[in-house]
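What follows is a set of notes on a single structure, which appears directly below.
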Amino acid sequence: MAKKLRSQHWFGGTDKDSFIHRSWMKNNGLPDDAFDGRPVIGICNTFSELTPCNAHFRGLVEHVKAGVLEAGGLPLEFPVFSCGESNLRPTAMLFRNLASMDVEEAIRGNPIDGVVLMAGCDKTTPSLLMGAGSCDLPTILISGGPMLNGKFKGRDIGSGTDVWRFSEDVRAGVMSRANFMAAESAMSRSPGHCMTMGTASTMASMAEALGVTLPGNAAYPAVDAHRARLARLTGRRIVGMVREDLRLSQILTRKAFANAIRMNGAIGGSTNAVVHLLAIAGRIGTDLSIDDWDTLGRDVPTIVNLMPSGRYLMEDFCYAGGVPATMKELSDLLDLDALTVTGQTVGENIADVENHNPDVIRPRSEALVRHGGIAVLRGNLAPNGAIIKPSAASPHLMRHRGRAVVFHSIEHYKARVDDPSLEIDETSVMVLQNCGPKGYPGMAEVGNMALPQKLLERGVRDMVRISDARMSGTAFGTVVLHVAPEAAAGGPLALVRDGDIIELDVEARRLHLDVSNEELSQRQSTWTPAVPQMAGGYQSLYVERVLQADRGADLDFLVGCRGAAVPRESH
Ligand code: FES
């Protein structure tokens, strides 16, 4: 006998409680047979006009619903907190965990059998997967898709990446303010999320590599009819997954995370994927550590030629074959047995795909960067780890010894960086403190500090930068990030002073502060934590309970899978 669907515990009886559950649902016109035991599919929508990357989801969701209906399910859409990267202050990352709580409780508390997650902008993908991971129902994700390529003065420009570039060109005096303003409208030409291989496209690719989306999900532009078709097929497929009882925990296995980490190296993906995948694994209960990023991804070449590591954009990636074609190129490094939401393995999904543009998705023999991936650094400056993305760094700085120039906060940096009397040159190491999970709070994307104007004017375009912050997935440079423990938690980063010598050796995975232990102990004895910027509310809870970057920056009490059972009735 088929297992009784979860939703039937709400809708399947003849008692007072079932009356209540059904009667109110009927006020939208649902007939009696809507509750006849068909799978109820919750569609978890991160639509918001304040999250421009997800502002087209009102249209996209109709295709998901059509697919659910076609397959014999009942689609019920619900909104959740939408973390928009471009507007939320002090940083969208502060609210990723809050959104994940919303998702988890909305899924568990409602009469749904399976879930479609609608994600787009950077934090929406991890927050949805984290929340759903703690419930472990049959779950599938669809991304909103990237914007069309930006076009400016006859060339392609990429979200974020060219903002950083243009901004430095203006400060260096090689781009006019008028051209800078004109590029603003040229960059964002259609609905969708950032079309560089920034965090949104990275996380969409990670979701696809993890096997929680249909193949092809990451790259179809938001406005491509393929995206609407994929939404429809996603709606159909979740109904099948409910009937098969194919749950998230069967897909988000260690094999799947290993595949995703390797794919992150191949696509030149965002450093933000590190904290997000660690947090998602923590929710579903899969063993994954920051060191896995180095050991699993170390030898993976970057073969996807997209900004910020390369030159193309997501539209080009789509036409070349996207994630499936990249997985095919990488197939001997992947676990092809990993199960996906299609009900088939990765190997079966990619059996017949082709690479249509070997300059966008390079053959391994012509990789963009031979050793891509994420390097995990350790040393007395980062006892619990720090990361750097070699494909976005300058080769001549990968081994470097320089004098620290320290900024105690982002405000201190802004006030000081362009001071003509600041003692700094291209060999200096810029150090930013108190921008980690507790310190900012929320671990803002400020680690790729812009260089001092006087050095930009001399043509300097990269320097070693070190912080406990994150950086935008669209950014580039020799930037050491996620230093753990962070300065605000009393990590050694807090003890660095102007003039200290710092050694970076990416090949040796070393980050060393060349100051004696005695001196560091002395400095530690006089260190006091900064006073939190906001007392009370969610921010207080966050600062008190957030884990460090090497553990995914989740809230400690949210780690783990709590399942979907709710033993108590509501009335
Ligand atoms: Fe939303 Fe980049 S700002 S994806």
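The values are calculated or read from the model by the stated rules, or taken from the named source; none is laboratory data. Bear in mind that the values here come from a model prediction, so they are computed numbers and not experimental data. For neighbour counting, all protein chains shown are included, and Cβ atoms are generated from backbone atoms with ideal geometry for every residue, glycine included. Surface accessibility is based on the protein's heavy atoms, side chains included, excluding ligands, DNA and RNA. Shrake-Rupley method; radii C 1.70, N 1.55, O 1.52, S 1.80 Å.
Listed values for segment 237-253 are Karplus-derived 3J(HN,Hα) couplings in whole Hz (6.51 cos²θ - 1.76 cosθ + 1.60, θ = phi - 60°), namely 5, 5, 5, x, 5, 5, 5, 8, 6, 8, 9, 4, 5, 7, 9, 7, 8, and x replaces Gly and Pro.
In deg cm²/dmol and to the nearest 500, what is the mean residue ellipticity at 222 nm of the chain if only DSSP H runs of at least 4 residues count, each as -39500 (n - 2.57), divided by the residue total? Let's see the in-between values first.
Values: 20 runs with 194 residues, N = 571.
Using -39500 (n - 2.57) per qualifying helix, the result is -10000 deg cm²/dmol.
Among the GluC sites (Glu not before Pro) found in segment 505-555, those both in a DSSP coil and sparsely packed, with 15 or fewer other Cβ atoms within 10 Å of their Cβ, are Glu507. Taking 26 Å as the straight-line reach from the Cα of Lys65, the lysines in range (excluding those fewer than 8 positions away in the same chain) are Lys3, Lys4, Lys26, Lys123.
At most 14 other Cβ atoms within 10 Å and a DSSP loop assignment: could you name the GluC sites (Glu not before Pro) in segment 373-427 that fit? Listed in order of number, the matching sites are Glu423.
How big is the chain by the Kirkwood estimate over distinct Cα pairs, in Å?
Numbers: mean 1/r = 0.0413 Å⁻¹.
Computed over the chain, the radius equals 24.2 Å.
How many percent of the accessible area of the chain is carbon or sulfur, using a 1.4 Å probe? Working shown, then result.
On the way: 11120 of 21690 Å².
Roughly 51 percent of what the probe reaches on the chain is carbon or sulfur.
With the simple spin-label model, which puts each label point 7 Å out from Cα in the Cβ direction, the Arg370 to Ala535 separation comes to 5.8 nm. Overall size of segment 447-557 from C-alpha positions, given as principal axis extents largest first: 46, 39, 29 Å. When Rg and the Kirkwood radius Rh are both evaluated on Cα atoms of segment 295-408, their ratio Rg/Rh stands at 1.07. Absence of a disulfide-compatible partner, taken as no other cysteine beta carbon within less than 4.7 angstrom, is noted in the chain for Cys44, Cys83, Cys135, Cys194, Cys318, Cys435, Cys561. Here's the picture: a label point sits 7 Å out from the Cα of Asp419 along the beta-carbon direction, and within segment 452-495 the residues with their amide nitrogen under 17 Å of it are 452-455.
Computed FRET efficiency, Cβ-Cβ of Glu544 and Thr14, R0 41 Å: what is it to the nearest 0.05?
Numbers: r = 47 Å, r/R0 = 1.15.
Result of the calculation: an efficiency of 0.30.
Specify the inter-centroid distance of segment 1-59 and segment 160-197, based on alpha-carbon positions, in whole Å. If we compute the Cα centre of each part, the gap is 43 Å.
Roughly how many Å² is the accessible area per residue of the chain, as a whole number, for a 1.4 Å probe? Present the calculation step by step, with values, prior to reporting the outcome.
Working: 21690 Å² over 571 residues.
Accessible area per residue: 38 Å².
Taking a ≥ b ≥ c as the square roots of the eigenvalues of the alpha carbon gyration tensor, segment 498-568 is oblate, as a/c is not under 1.5 and a/b does not beat b/c.
Can you work out D for segment 74-190 in µm² s⁻¹ from Stokes-Einstein, where Rh is the Kirkwood radius over C-alpha pairs, the temperature is 25 °C and the viscosity is 0.890 mPa s? D = 148 µm²/s. Applying the criteria of a DSSP loop state and at most 16 other Cβ atoms within 10 Å to the GluC sites (Glu not before Pro) of segment 20-127 yields Glu49. Mean sequence separation of contacting Cα pairs (under 8 Å, at least six apart), scaled by the length of the chain, corresponds to a relative contact order of 14 percent.
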